[in-house]
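*Asks:* I have a structure I would like to understand better, so I am pasting it below and will then ask my questions one at a time.
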Amino acid sequence: STNTSTYKRGAFILFEGCDRTGKSTQANKLFEYLQIKGHAVKFWKFPDRTTPIGQTINAYLTNNQELDDKAIHLLFSANRWECMPKMKNLLLGGTTIIVDRYAYSGVSYSASKGLDLNWCRCSDIGLLRPDVIIFMDLSTEESEKRGGFGEERYEKKDFQEIVRKTFALLKEKDDDDSLWEVLDAKQSVERLHEQIVEISLDIIENCGQLPLKEG
Ligand code: T5A
Ligand code: NA
């Protein structure tokens, strides 16, 4: 029979980028759009600050707790691992998940502090792979002008500059670099949303027959 042609898993749509580049704004807009259009869709954000691990991460990011660079790296990673069973079930059950930051942030931010890039990748090996990475690219001059910049640990211009370069390196090194959709995040919220809707509908339509990838 042709069972496989009717089965559709959900799509894993990931937003990545430096701080204040508009990831949450666009992830939420996409979520609302897909919901209104009747798609089964869930929203996920990393770090997920609601779990016990996430609460420690929050204390670190808000400068209320100090942690060794490698220890906090592993906590960010563990925070993703603890969500894997739920995310996997949703995807296999046909629900699309929109994810705001993931392992690419994990590796970029930690490596930008000087940790070895390959060491940083190890703890995320085996996590579910996204179907698309919507990368919001913005110069640090522009992101700095946006609301709220400067409140949390990593929101410093020089550091963000390094993080942006590290993200670019990750894309360059990715065997699957067709996963990356780099958008000019300086455009208007509406203009970006239109492009993101187009990319996402294409992914939702075409990922269904492919198995979920881990690794
Ligand atoms: N981190 C994260 C790690 O070190 N390791 C990890 O493994 C992970 C997962 C917190 C920090 O944790 C680090 C990275 C981060 O430094 P977070 O909770 O995602 O990560 O950070 P947030 O503070 O929630 O979000 P960001 O700072 O990344 O901002 P967003 O989501 O990119 O931007 P957004 O949408 O909130 O917009 C920022 C401002 O810009 C405006 C918005 O209105 C808002 O004021 N804006 C625009 N202005 C003009 N034009 C546009 N197109 C605009 N779009 C949005
Ligand atoms: Na955000």
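*Asks:* Among the listed residues Arg191, Arg121, Arg146, which satisfies the condition of being modelled with pLDDT under 95 and within 14 Å of ligand 1 (Cβ to nearest atom)? Outline the logic, then answer.
*Replies:* Numbers: Arg191 fails: modelled with pLDDT under 95; Arg121 fails: modelled with pLDDT under 95.
Testing whether each residue is modelled with pLDDT under 95 and within 14 Å of ligand 1 (Cβ to nearest atom) leaves just Arg146.
*Asks:* Tell me, yes or no, whether the range 81-98 has at least one residue that is within 8 Å of ligand 1 (Cβ to nearest atom) and either within 15 Å of the chain's Cα centre (by Cα) or over 24 Å from Leu179 (Cα atoms) (or both). Lay out the reasoning, then the answer.
*Replies:* Looking only at the range 81-98, we keep the residues that are within 8 Å of ligand 1 (Cβ to nearest atom), and these are none.
No, the range 81-98 contains no residue that is within 8 Å of ligand 1 (Cβ to nearest atom) and either within 15 Å of the chain's Cα centre (by Cα) or over 24 Å from Leu179 (Cα atoms) (or both).
*Asks:* Could I ask something else about it? Test Ile13 against the stated conditions and say whether it is at pLDDT 95 or above and open to solvent by 80 Å² or more (accessible area, probe 1.4 Å).
*Replies:* On the way: at pLDDT 95 or above: yes; open to solvent by 80 Å² or more (accessible area, probe 1.4 Å): no.
It is false that Ile13 is at pLDDT 95 or above and open to solvent by 80 Å² or more (accessible area, probe 1.4 Å).
*Asks:* With the requirement that a residue be of a type in the set (Ser, Thr, Tyr), part of a helix (DSSP H, G or I) and open to solvent by less than 70 Å² (accessible area, probe 1.4 Å), what does the range 176-215 give you? Break it down into steps so the answer makes sense when it comes.
*Replies:* First, the residues of the range 176-215 that are of a type in the set (Ser, Thr, Tyr): 178, 188, 200.
Those left that are additionally part of a helix (DSSP H, G or I): 178, 200.
Passing the criteria: only Ser200.
*Asks:* Show the residue pairs meeting these rules: Cβ distance below 8 Å; 6+ apart or different chains; first residue within the range 27-55 and polar (S, T, N, Q) and within 16 Å of ligand 2 (Cβ to nearest atom); second residue open to solvent by less than 40 Å² (accessible area, probe 1.4 Å) and part of a loop (DSSP other than H, G, I, E, B).
*Replies:* none
*Asks:* For the range 110-144, enumerate the residues that are among the polar types (S, T, N, Q) and free of Cβ contacts under 8 Å to residues at least 12 places away in the same chain.
*Replies:* At the first step, the residues of the range 110-144 found to be among the polar types (S, T, N, Q) are 110, 112, 118, 123, 139-140, 143.
Within the range 110-144, Asn118 is the sole residue that qualifies.
*Asks:* Tell me whether the range 155-175 contains one or more residues that are acidic (Asp, Glu), surrounded by fewer than 12 Cβ atoms within 10 Å (Cβ to Cβ), more than 10 Å from ligand 1 (Cβ to nearest atom) and under 19 Å from the mean Cα position of the chain (by Cα). Spell out how you get there, then give the answer.
*Replies:* Just the residues of the range 155-175 that are acidic (Asp, Glu), to begin with: 155, 158, 161, 172, 174-175.
Restricting the remaining residues to those that are surrounded by fewer than 12 Cβ atoms within 10 Å (Cβ to Cβ) gives 158, 172, 175.
Retained after the next criterion (residues that are more than 10 Å from ligand 1 (Cβ to nearest atom)): 158, 172, 175.
Those still in the list that are under 19 Å from the mean Cα position of the chain (by Cα) too: 172, 175.
Looking through the range 155-175, at least one residue is acidic (Asp, Glu), surrounded by fewer than 12 Cβ atoms within 10 Å (Cβ to Cβ), more than 10 Å from ligand 1 (Cβ to nearest atom) and under 19 Å from the mean Cα position of the chain (by Cα).
*Asks:* Can we say Ser139 is modelled with pLDDT of 95 or more, in contact with a His (Cβ under 6 Å, 6 or more places away or on another chain) and surrounded by 14 or more Cβ atoms within 10 Å (Cβ to Cβ)? Give the steps one after another, and end with the answer.
*Replies:* Details: modelled with pLDDT of 95 or more: yes; in contact with a His (Cβ under 6 Å, 6 or more places away or on another chain): no; surrounded by 14 or more Cβ atoms within 10 Å (Cβ to Cβ): yes.
In short, no.
*Asks:* Scan Ile72, Ile125 and give me the residue that is of a type in the set (Val, Ile, Thr), in a loop (DSSP other than H, G, I, E, B) and either more than 17 Å from Leu170 (Cβ to Cβ) or more than 16 Å from ligand 2 (Cβ to nearest atom) (or both). Working first, answer last.
*Replies:* Working: Ile72 fails: in a loop (DSSP other than H, G, I, E, B).
Answer to the check: Ile125.
*Asks:* Consider Leu34 carefully, then state whether it is part of a helix (DSSP H, G or I), within 20 Å of Leu212 (Cβ to Cβ) and modelled with pLDDT of 95 or more. Please lay out each step first, then the result.
*Replies:* Numbers: part of a helix (DSSP H, G or I): yes; within 20 Å of Leu212 (Cβ to Cβ): yes; modelled with pLDDT of 95 or more: yes.
Spelling it out, Leu34 is indeed part of a helix (DSSP H, G or I), within 20 Å of Leu212 (Cβ to Cβ) and modelled with pLDDT of 95 or more.
*Asks:* Out of the residues in the range 75-100 that are within 13 Å of Gly54 (Cβ to Cβ), open to solvent by less than 30 Å² (accessible area, probe 1.4 Å) and in contact with a Gly (Cβ under 9 Å, 6 or more places away or on another chain), state the one that is farthest from ligand 2 (Cβ to nearest atom).
*Replies:* Just the residues of the range 75-100 that are within 13 Å of Gly54 (Cβ to Cβ), to begin with: 75-83.
So of that shortlist, the ones also open to solvent by less than 30 Å² (accessible area, probe 1.4 Å) come out as 77, 79-80, 83.
Then drop every residue that is not in contact with a Gly (Cβ under 9 Å, 6 or more places away or on another chain), which leaves 77, 79-80.
Working: Ser77: 19, Asn79: 15, Arg80: 16 Å.
Ranking the qualifying residues of the range 75-100, first place goes to Ser77.
The values are calculated or read from the model by the stated rules, or taken from the named source; none is laboratory data. This is a predicted model, so every value here is computed, not measured. Every residue, glycine as well, gets a Cβ built from its backbone with ideal geometry; the counts of neighbours run over all protein chains shown. Just so you know, the surface numbers come from the protein's heavy atoms only, side chains and all, with ligands and any DNA or RNA stripped out. Shrake-Rupley method; radii C 1.70, N 1.55, O 1.52, S 1.80 Å.
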